[in-house]
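Q: Here you go, one structure.
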Amino acid sequence: MRDLHRGSRPDCATPGFRSVRPEARRVPPPVGTLGSRRGGDWLLGTSGSTMSVPDYMQCAEDHQTLLVVVQPVGIVSEENFFRIYKRISSVSQINVRDSQRVLYIRYRHHYPPENNEWGDFQTHRKVVGLITVTDCFSAKDWPQTFEKFHVQKEIYGSTLYDSRLFVFGLQGEIAEQPRTDVAFYPNYDECESVEKRIEDFIESLFIVLESKRLDRATDKSGDKIPLLCVPFEKKDFVGLDTDSRHYKKRCQGRMRKHVGDLCLQAGMLQDSLVHYHMSVELLRSVNDFLWLGAALEGLCSASVIYHYPGGTGGKAGARRPQGSSLPADTGNRHRPGALTTNGINADTSTEIGRAKNCLSPEDIIDKYKEAISYYSKYKNAGVIELEACVKAVRVLAIQKRSMEASEFLQNAVYINLRQLSEEEKIQRYSILSELYELIGFHRKSAFFKRVAAMQCVAPSIAEPGWRACYKLLLETLPGYSLSLDPKDFNKGTHRGWAAVQMRLLHELVYASRRMGNPALSVRHLSFLLQTMLDFLSDQEKKDVTQSLESYTSKCPGTMELLSLPDGLNLPPVPFTKLPIVRRVKLLNLPASLRPQKMKSLLGQNMSAKSPFIYSPIIAHNRGEERSKKIDFQWVQGDVCEVQLMVYNPMPFELRVENMGLLTSGVEFESLPAALSLPAESGLYPVTLVGVPRSTGQISINGYHTTVFGVFSDCLLDSLPGIKTNGSTVEVIPALPRLQISTSLPRSARTLQPSSGDEISTNVSVQLYNGETQQLDIKLENIGTEPLEKLEVTSKILTTKEKLYGDFLSWKLEETLAQFPLQPGKTATFTVNIKVKLDFSCQENLLQDFNDDGISVSGLPLSSPFRQVVKPRVDSKPVNPSESSKAGDFSHVKTLEAILNFKYSGGPGHIDGYYRNLSLGIHVEAEPSVFFTRVSTLPATSTRQCHLLLDVFNSTEHELTISAKNNEELILHAGECQRMAIQVDKFNFESFPESPAERTQFTNPKQLEEERQEARGLEINSKLDIHWNIPSLKRHGEASVEGILNQLVLEHLQLAPLQWDVLVDGQLCDCDVVADCRVGDPIPLEVRLTNWSKRNVGPFALTVIPYQDYQNGVHNYELQDAITFVGSNTFYIDSVRPTENSVCLGALLFLYTGDFYLNIKFHEDTTSKELPLSWFCLPSVHIRAQGPDLQA
Amino acid sequence: MAVCIAVIAKENYPLYIRSIPAEQELKFHYTVHTSLDVVDEKVSAMGKALVDQRELYLGLLYPTEDYKVYGYVTNSKVKFVMVVDSSNTALRDNEIRSMFRKLHNSYTDVMCNPFYNPGDRIHSRAFDNMVTSMMVQVC
């Protein structure tokens, strides 16, 4: 199409955006409103000779319409006028009486008179009817009003067939007069007969039309056919030879064309086709191109009307199908016997003729092209050409031939009319946009719409129409495949024409701001920032955020749906990319606040869940559940945390304010945070906190932020690529909170979390071995619920050290007496820490001492001698690990234990939850004193013995050591001394052994160890050895348990066979001296009590008296001095356990003196299997005295 | 000599767009964007033709006052759009065609890169150089 014009109109090669036509025409005053849909509506009448106002809304069918102008005169309110106008224009087609022809009426309320002057060229441009509407309230105004009507008539006078005046408000005499051209109505509400009046009026128009048609059609060879011409031709024909054949032909051709137009208007399609064909023939021969074009266009129009009775204008109701007789089918061009607008015509010849006359759809376009090429030869016919292009485009749109349509449109773009006013430009671009839309060129349509929008606010316009601009811009959105819903951008990376879309968004922002709607501009700007972030340069990001901040300072961005007056809704734009959230993790409560379920209840739950221990189906389900549900709980009233990993994509610091959680399910008090993220930060953890105020399932749905003054609610579901460990967690009822503080200093070091428990507090203390420290723990309920239950358990972390006695001991009763503990109240709880470790187990140290040859001779060891030991050990080339372990005396052993406070209370307790608070206790035990060696010496009494202990002071302080009833022994630092303690022997067998213990330690070795430990304890408590460091004012116990070996134990053990020797009824033991009189027999009794578990005996005992000369000589030859009354040998039968056997005898001392009795077993009677120590009988010391002379 | 060369994905978003007067980039964006209407139309009209007989070169899409816009569509519906200065009358249809062929070859090379994700913007130096050569030198 463009090539078509190349040669003929080179000046038009530059397109229509720039008006370069030299003969710029007078610009009519731009009046009217943007957006009115009928092209003619928007210009008031102007005068002139060339048609300059195109009607972009024209379509081919308009050729068959009659143009009627409806105008107000005088002062008529717009509202009233358009009410009437609407009613009038509803009568747009009329079935003319006594024929089946249909008349179509086009109504205009404005029509430029210079367009009217082209009425001969194309009769549908001619105003044939005028209806004026006026208000007139008094009879005296009437003549004036009527005069105005006449003036109005004058404007279109030359072409009018008929006219009407509708007078509203006038009543009375004048209104009574029946007049055909004037109708009176009392007011705008009572005018039922308007439609009828219009119909009458149209019929009168038809009569004139029909008469004109017949008139012109019949005088074919009449006298002289007048030359019809368009306004700008008039001067060209001055002085032309009117008698030439050429001129006549021209007149004929033009008249034919005119008749064709009239026929078409009068509803005689077939006739019009014939006339047009004839006209084309005639005009072609005389090269009358302008009119030839018009004739061709007429042909096209008639064919289009025939082919497409549905219309091409796309205006609903513009063309109603004429009754049911007309088929809706359009495209089929070969339809013999088809129905026409004239109804059924039996004459087949006309039918054939029509089929021939009527153009095929392809031909229509060809003829349009031809017509347009002819029009384009005339600069003054620009409007005609433009309108023809538009009409052709509409036809092509119906034919779905978009490519050709676009060529026509392209051509239309290049047609320069004159210097267009801004409104006209807007009009033009809007129409181009609409037409492009019509042929499916959405992008092109959007382009022109945008140009139109920009035109609305061109700087040359005094009052820029920002509102219209904004409205038009919104309409371009689909063309740029841009929706204003940020959800559409969530799927993956944004793909589109970012540069173009960004431009459009910027324009929307600007237009909405100028419109005075800051909320809209904030919304658009947010949208721009959110969706186009990846495409914005750093500088643009800065600029956009700056302007956003300045907008939001006046109108903060909200999360509400913004509704535009025309029904478009702008969904809220949450800033999910400012910052970008990569991961959402719900955090468990800190270990000390974590609720735990009572075991028993948990067990019930588990068993109720499924009868199977394991099922793959259940496991699978659980896996799914886990994705959403979390296996820990939150507690009502306690601060809960959610950790977000956020990322700031901006090249500057991002301030995020009011960042909080969005939740559902549970009443939740969110505690918003404000944060500031450095530019292009990496992943940055942010913890959002809140307090659940009720119980149940809480879902973390998202978070809210305020960035640059825009509130955003970001839902996790809509965030792409987010990692989460689930978003639903259970909130259990409130529990009390316990805080503990201790008398001991807090320890910085934490315990090795070997047990998996998390320790909230650590205390540490340094103790000497054997020392006892009291730990006061203050329990404070800092929660809001009463603390009702408390359980304390301790756990000693695995240590290789052997520990004696209770490390931690406490009495809970006193504390529990203060319960329930109301919020804010404090209770105290005391724990005793006792360190009893065995530091003496350092074998080679013991070895050293033994090597030194210290005998158990009872000599106190000299301290200087001891002191050489230490360096010697150090220098000893033993293997290094052993030396480092053993050689260091000041080796500090550590003991670690955890005190667990399980507590509960309030509603959480009812639901079976408790909390666990752990206190880590770290004790550094330093050796105080230890016993390097132990041995026994038999005491004088068989029931007692001497325990010899080598005590070593490994502290750096002087200390004193004391046993139960001994005096204190002073030990200097590093000194070793021997102390002897006389102890009663122990009867270990009498210790009760609980059956539980027996079953627990089924291993005999363990059983033995346990027993030994018990013995050690017993011995320890008997010995009760204490040390005291006066300089430090510290004291403690010293324990011998570790060093007691089997041999020593055996010595310390009371024999199971208890031998009692009674002299004169008096129990004799080592130190007791029995007194007797010479000459009197003394009864001697030997009693055996069997404490062992088996039968013993029989035994034979012989009593051998002797005298000790204290010089190592024993005199056994005492037959002269002592006489036995009875036998000196006793026989004891077998004695069963726990029974006793008594042997009685008597002695008679003949001389005074000190005698000893040695009771001996006969060797053959002593059973071999019994240990010798069982047969240890006390020696008896008897002092025989002479008879008391005085007595 | 081309003033703007664009590669447009099947889904009609730009994979690559480059223009010589960089200040007017947006203008060329608009030009290429609107030309897609014509491309779509031509492709849909061609769709009826047999695939193997399809001509990839679409010819002149539309002329504007200063430029001519040419189109080319691959079998995978990737579009190449070239904007040529209309004052440059030396350029014939055949030369345009050969330029498109070169562009297509280079694009194929880009696609052969295992590190290129189909659908991403093209950031290839080789492709860039080729486009630059087409923009500068008269083919």
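The values are calculated or read from the model by the stated rules, or taken from the named source; none is laboratory data. Note that the structure is a prediction, hence the values are computed from the model and not measured. We place every Cβ from the backbone using ideal geometry, glycine too, and count neighbours over all the protein chains shown.
Q: Is there a residue being at pLDDT 80 or above and surrounded by 21 or more Cβ atoms within 10 Å (Cβ to Cβ) anywhere in region A:738-760?
A: Yes; the residues of region A:738-760 include at least one that is at pLDDT 80 or above and surrounded by 21 or more Cβ atoms within 10 Å (Cβ to Cβ).
Q: Quick one: in region A:152-191, which of the residues that are of a type in the set (A, V, I, L, M) and closer than 21 Å to residue A:88 by Cβ is surrounded by the most Cβ atoms within 10 Å (Cβ to Cβ)?
A: Going through the qualifying residues, I end up with A:167.
Q: Additional query: Which residue is farthest from residue A:452 (Cα to Cα), if the candidates are limited to region A:506-536 and must be within 14 Å of chain B (Cβ to nearest Cβ) and more than 28 Å from the chain's Cα centre (by Cα)?
A: A:506
Q: For the subset of region A:441-493 comprising residues that are among the hydroxyl-bearing types (Ser, Thr, Tyr) and in a helix (DSSP H, G or I), which member is farthest from the other protein chains (Cβ to nearest Cβ)?
A: A:470
Q: Residue check: is residue B:10 on the phi < 0 side of the Ramachandran plot, modelled with pLDDT of 85 or more, within 14 Å of chain A (Cβ to nearest Cβ) and part of a loop (DSSP other than H, G, I, E, B)?
A: yes
Q: So, residue A:396, is that one farther than 26 Å from residue A:473 by Cα, in contact with a helix residue (DSSP H, G or I) (Cβ under 6 Å, 6 or more places away or on another chain), in contact (Cβ under 8 Å) with a residue 40 or more places away in the chain and within 14 Å of chain B (Cβ to nearest Cβ) or not?
A: yes
Q: Out of the residues in region B:12-40 that are in contact (Cβ under 8 Å) with a residue 40 or more places away in the chain and among the aliphatic types (A, V, I, L, M), which is surrounded by the fewest Cβ atoms within 10 Å (Cβ to Cβ)?
A: If we take residues in region B:12-40 being in contact (Cβ under 8 Å) with a residue 40 or more places away in the chain and among the aliphatic types (A, V, I, L, M), then B:20 is surrounded by the fewest Cβ atoms within 10 Å (Cβ to Cβ).
Q: Would you mind stating whether residue B:19 is within 23 Å of residue B:126 (Cβ to Cβ), touching a Cys at 6+ places or on another chain (Cβ under 8 Å) and among the small types (Gly, Ala, Ser)?
A: For residue B:19, the condition - within 23 Å of residue B:126 (Cβ to Cβ), touching a Cys at 6+ places or on another chain (Cβ under 8 Å) and among the small types (Gly, Ala, Ser) - is met.
Q: Taking into account only those residues within region A:417-440 that are within 12 Å of another protein chain (Cβ to nearest Cβ) and not in a helix (DSSP H, G or I), which is nearest to residue A:387 (Cα to Cα)?
A: Top of the filtered list is A:439.
Q: Ok, one more. Tell me, please, whether a residue that is part of a strand (DSSP E or B), at pLDDT below 85, crowded, with 17+ Cβ neighbours inside 10 Å and in contact with a Ser or Thr (Cβ under 7 Å, 6 or more places away or on another chain) can be found in region B:62-79.
A: Yes.
Q: Sticking with this structure for a sec: Consider region A:687-715. How many of its residues are aliphatic (A, V, I, L, M) and crowded, with 18+ Cβ neighbours inside 10 Å?
A: Summing the residues that are aliphatic (A, V, I, L, M) and crowded, with 18+ Cβ neighbours inside 10 Å in region A:687-715 gives 5.
Q: Another question about this same structure. Assess whether residue B:91 counts as being modelled with pLDDT of 80 or more, more than 30 Å from residue A:535 (Cβ to Cβ) and not in a helix (DSSP H, G or I).
A: No, not satisfied.
Q: I want to confirm something. Restricting to region B:58-81 and keeping residues that are charged (D, E, K, R) and under 11 Å from residue B:35 (Cα atoms), which single residue is farthest from the other protein chains (Cβ to nearest Cβ)?
A: Among residues in region B:58-81 that are charged (D, E, K, R) and under 11 Å from residue B:35 (Cα atoms), the one farthest from the other protein chains (Cβ to nearest Cβ) is B:79.
Q: Take region A:1120-1133 and flag every residue that is surrounded by fewer than 16 Cβ atoms within 10 Å (Cβ to Cβ) and in contact with a strand residue (DSSP E or B) (Cβ under 7 Å, 6 or more places away or on another chain).
A: Correct list: A:1123, A:1125, A:1126, A:1127, A:1129, A:1131, A:1133.
Q: Scan region A:929-937 and give yes if some residue there is at pLDDT 80 or above, buried (at least 22 other Cβ atoms within 10 Å of the Cβ) and in a strand (DSSP E or B), otherwise no.
A: No, region A:929-937 has no match at all.
Q: Next question, about the same structure. List the strands (runs of 3 or more DSSP E) inside region A:118-230, counting only whole elements, that have at least 1 residues being of a type outside the set (Lys, Arg) and touching a Pro at 6+ places or on another chain (Cβ under 7 Å).
A: A:127-135
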